[in-house]
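Participant: The structure follows.
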C-alpha cells in the first residue's frame, strides 16, 4: 500500500476538517454526544486546523493513498514536550500499518532533536486507539474518567523513543 504523509498547507485545512467529521462519525458515535457530530462546525474546525498548520510548533500531515485524502496526523513540539494531538485514519484504511508509519515519523523527529519521549491523550472509550497505543509501547501515566459527558474522559499515554 503506497501511503504518503504530505506536509499540510493552508489549503488543506478544509480537507482535514472534512476528514475529522467523517472519522468522528465512525469512531466517536456513542462516545461523543450525537449533537457534537451531527452539528459539526466545519468553519470553526477549519480555522483551528489552519492555525495549527500556520504555527511552527505544530507538524501537520495529510495522509494520502493514491492521491485520496484518508487521514491526518498532527503533533506539537512545545515547551512542555512533544504531544501527539491527532492520528486519524478512515476506518477502511485502518490496520494497514499507517499508524506505525506515523509513529516512525514522530520517533525520527524526536530522535533528531534529542527528545526521549512524547505523550498523547486518548479517549478510554476508543478501544481501537487504546489497543494501538499500548501496542506501540504507550504507558498510561494518567487516567481521568467517570465524567457525565464521556467526551471529557481521557487517558494520557507516554511513549519512550528508542535511539
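Participant: Taking the stretch 14-29 as the search range and keeping residues that are within 18 Å of residue 124 (Cβ to Cβ) and free of Cβ contacts under 8 Å to residues at least 24 places away in the same chain, which one is surrounded by the fewest Cβ atoms within 10 Å (Cβ to Cβ)?
Facilitator: Per the criteria, the residue is 29.
Participant: Return a yes/no flag: does the stretch 147-154 have any residue that is in contact with a strand residue (DSSP E or B) (Cβ under 9 Å, 6 or more places away or on another chain) and closer than 22 Å to residue 13 by Cβ.
Facilitator: no
Participant: For the stretch 52-69: of the residues being loosely packed, with under 11 Cβ neighbours inside 10 Å and free of Cβ contacts under 8 Å to residues at least 24 places away in the same chain, which is farthest from residue 86 (Cα to Cα)?
Facilitator: It comes out as 67.
Participant: Sort out which residues of the stretch 103-115 are over 13 Å from residue 88 (Cα atoms) and surrounded by 13 or more Cβ atoms within 10 Å (Cβ to Cβ), and write them in order of number. Lay out the reasoning, then the answer.
Facilitator: Residues of the stretch 103-115 that are over 13 Å from residue 88 (Cα atoms), as a first pass: 104-115.
Result: 105, 106, 107, 109, 110, 111, 115.
Participant: Return the residues of the stretch 66-75 that are over 11 Å from the mean Cα position of the chain (by Cα) and part of a strand (DSSP E or B); say none if nothing qualifies.
Facilitator: Within the stretch 66-75, 68, 69, 70 qualify.
Participant: So, in the stretch 88-137, of the ones that are part of a strand (DSSP E or B) and in contact (Cβ under 8 Å) with a residue 40 or more places away in the chain, which residue ends up farthest from residue 63 (Cα to Cα)? Lay out the reasoning, then the answer.
Facilitator: Of all residues in the stretch 88-137, those part of a strand (DSSP E or B) come to 88-89, 117-122.
Cutting the leftovers down to in contact (Cβ under 8 Å) with a residue 40 or more places away in the chain gives us 88-89, 117-119.
Numbers: 88: 9, 89: 8, 117: 23, 118: 21, 119: 21 Å.
Among them, the one singled out is 117.
Participant: Determine the pairs where a residue that is modelled with pLDDT under 90, located within the stretch 140-151, has a partner that is surrounded by 10 or more Cβ atoms within 10 Å (Cβ to Cβ) and in a helix (DSSP H, G or I) with Cβ atoms under 7 Å apart, the partner being 6 or more residues away or on another chain.
Facilitator: Once the first residue is modelled with pLDDT under 90 and sits in the stretch 140-151, its partners that are surrounded by 10 or more Cβ atoms within 10 Å (Cβ to Cβ) and in a helix (DSSP H, G or I) give 151/36.
The values are calculated or read from the model by the stated rules, or taken from the named source; none is laboratory data. On a predicted model such as this, the values are computed, not experimentally measured, just so you know. Here the Cβ is made from the backbone with ideal geometry for all residues, glycine too, and neighbour counts use every protein chain on show.
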